[in-house]
């Protein structure tokens with residue numbers, strides 16, 4: 001298809017118009033409130049994150065009539081290009097994602113602009129400020145702005161400083177206009193860097209303006225954890241140490257390090273997955289019910305969980321932690337290289353790509369209940385699941401007639417690839433003798449639902465436009481998670497046994513063979 005050359009002059013028709021053609025779609029959209037008119041400024045607009053996630057998310061919100069009117073996007077990066085070149089680049093991305101609707105693209109594209117910036121040059125941000133002021137005057141976006149940092153973490157602080165020094169973080173008096181900043185994980189490399197980043201953010205932005213984004217929190221099935229627990233009276237009474245033996249949370253990937261070797265060599269699996277995604281899943285699973293479904297109160301309850309994490313035993317760490325690194329193997333019938341043979345990875349790298357840890361929460365509800373947390377790359381299947389393993393029945397009235405043990409009940413909250421809730425329980429096999437069988441009762445999340453559901457990035461961006469911080473991290477939670485992980489990271493990265501403790505595992509398997517009781521953190525088929 002030919003590239004578009006759009007007329008975006010002052011006499012152009014408004015780009016985002018709710019017509020009778022899509023009125024029905026708007027009525028069925030799950031969004032109950034439309035945000036104020038605003039402009040989203042994407043810093044790092046020429047990068048992979050913008051093309052794969054941010055622009056497709058905004059475009060889908062547009063197709064579902066969830067965006068405010070008027071609405072504008074300004075892409076900013078060091079690459080030199082004009083509006084049309086940037087639009088055409090984004091259009092090709094949507095074509096490759098098979099989400100482009102040509103009949104609606106031209107109206108959407110007329111909302112997109114591009115302005116080159118140098119991230120360390122204050123005059124670039126002064127020019128950006130003038131450009132945004134002109135855009136507000138022309139389009140009546142009311143001075144409301146979201147600065148999305150789609151840039152490497154090493155640039156977070158300097159770009160924040162440039163935004164602040166140019167006056168772009170200042171909000172209008174009396175709530176006449178707002179300014180927000182989105183920082184996507186990782187939030188620092190360790191506790192000290194996380195504190196330093198927050199200090200820089202707060203030098204120019206107030207807390208209500210800062211949105212620390214972890215897209216896992218915006219997944220529909222992750223949000224459903226609280227509804228499942230607290231909107232159903234039959235589960236909460238057994239959600240404690242009296243009935244639950246252990247809980248396992250796994251985030252498994254089949255992909256390798258891909259194009260992220262530069263970042264991953266500095267991070268490893270503990271920083272990449274445990275400090276954020278897995279800690280959030282654990283908090284949602286373990287937290288107490290807030291007094292009100294309100295952003296601050298929900299996040300306060302999560303913070304209490306992070307405070308309750310029992311410190312890792314420094315003198316016995318390896319009985320609570322297994323680290324691994326993938327070697328060559330086969331995934332989906334194709335041979336894949338070892339981590340050390342991936343482009344950009346050191347040939348003698350000791351960076352872990354797999355970890356399983358056993359942690360405890362020192363609370364009344366969870367005292368003595370182990371939480372097994374697992375994540376890794378190049379594993380057998382892509383899987384995100386929270387499994388609640390209930391205790392065995394206290395005695396067996398069938399001990400004289402059954403030759404097999406009674407398997408305990410298990411509740412699985414599937415987040416990916418199957419978005420479902422599955423309950424395992426025992427029934428009698430049909431027949432003349434008494435035999436048990438293990439059966440599942442499944443609920444599939446999308447079953448019977450036809451309305452459009454926002455993807456994780458769509459939901460997160462929409463909440464940012466609405467000023468709702470429910471699905472975003474608070475700084476105290478960030479710091480507490482780093483405090484918990486810091487002793488583990490120090491031990492793993494500085495001990496003389498580091499090479500011996502890093503166990504190899506074949507790509508396409510479920511991790512290292514030697515796991516002991518930590519195998520409880522893996523799916524049943526891997527134990």
**Prompt:** In Å, the Kirkwood hydrodynamic radius of region 218-355 over pairs of distinct alpha carbons?
**Reply:** 17.9
**Asked** Rounded to the nearest 0.05, what FRET efficiency is calculated for residue 220 and residue 393 with R0 set to 35 Å and r the Cβ-Cβ distance?
**Response** 0.55
**Prompt:** In nanometres, what is the gap between the two model label sites at residue 158 and residue 260, each 7 Å from Cα along Cα-to-Cβ?
**Reply:** 2.3
**Prompt:** Within region 164-183, whose backbone N sits under 17 Å from a point 7 Å along Cα→Cβ of residue 121?
**Reply:** 166
**Complete:** The answer for the per residue Cα convex hull volume of region 88-208, in Å³, is 138
**Asked** Given just the C-alpha atoms of region 270-331, how large is their convex hull per residue in cubic angstrom?
**Response** 140
**Request:** Sort out for me the Cα centre separation of region 324-371 from region 251-310, rounded to whole Å.
**Result:** 16
**Asked** So between residue 381 and residue 316, what do we pick up on full extension, going 0.36 nm a residue minus the alpha carbon distance?
**Response** 20.3 nm
**Request:** Can you give me the P(r) profile for region 352-396? Cα pairs, bins 5 angstrom wide beginning at 0, each as a whole percent.
**Result:** 5, 16, 18, 21, 16, 12, 8, 3, 1
**Prompt:** Taking every DSSP beta bridge that has both residues in the chain, what percent is antiparallel when rounded to the nearest 5?
**Reply:** 55
**Request:** Mind jotting down the distance between the C-alpha centroids of region 413-489 and region 91-146, whole Å?
**Result:** 35
**Complete:** Helix 191-204: inclination vs the chain longest Cα principal axis, degrees, rounded to 10, gives 30
**Request:** When you have a sec, figure out the Kirkwood radius of the chain from all distinct Cα pair distances and drop it here in Å to one decimal?
**Result:** 25.2
**Message:** Starting from 0.36 nm per residue, how many nanometres of slack lie between residue 293 and residue 427 once their C-alpha separation is accounted for?
**Reply:** 44.5 nm
**Request:** Would you work out the relative contact order for region 81-165, in percent, from Cα pairs under 8 angstrom that are 6 or more residues apart?
**Result:** 29
**Fill in**
For the chain, the longest principal axis of the Cα atoms and the Cα long axis of helix 295-307 enclose an angle in degrees, to the nearest 10, of 40
**Cα pair count fraction exceeding 26 Å, expressed as % - region 143-282** = 43
**Asked** So what is the calculated 222 nm ellipticity per residue for the chain, using -39500 (n - 2.57) for each DSSP H run with n of 4 or more, over all residues, to the nearest 500 deg cm²/dmol?
**Response** -9000 deg cm²/dmol
**Prompt:** Along its principal axes, what span do the Cα atoms of region 40-106 show, with the longest given first and each in whole Å?
**Reply:** 32, 26, 20
**Asked** Roughly what angle does helix 456-466 make with the longest principal axis of the chain, taking Cα atoms, 0 to 90 degrees, to the nearest 10?
**Response** 50
**Request:** Please report the relative contact order for region 321-379, taking Cα pairs under 8 Å with a sequence separation of at least 6, and give it as a percent rounded to a whole number.
**Result:** 32
**Asked** Tell me, what is the FRET efficiency for residue 442 and residue 230 to the nearest 0.05, using R0 = 22 angstrom and their Cβ-Cβ distance as r?
**Response** 0.55
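Where a number appears in this text, it was derived from the coordinates with a stated rule and is not lab data. From a predicted model like this one, the values you see are computed outputs, not experimental measurements. Cβ: placed from backbone, ideal geometry, glycine included. Neighbour counts: every protein chain shown.
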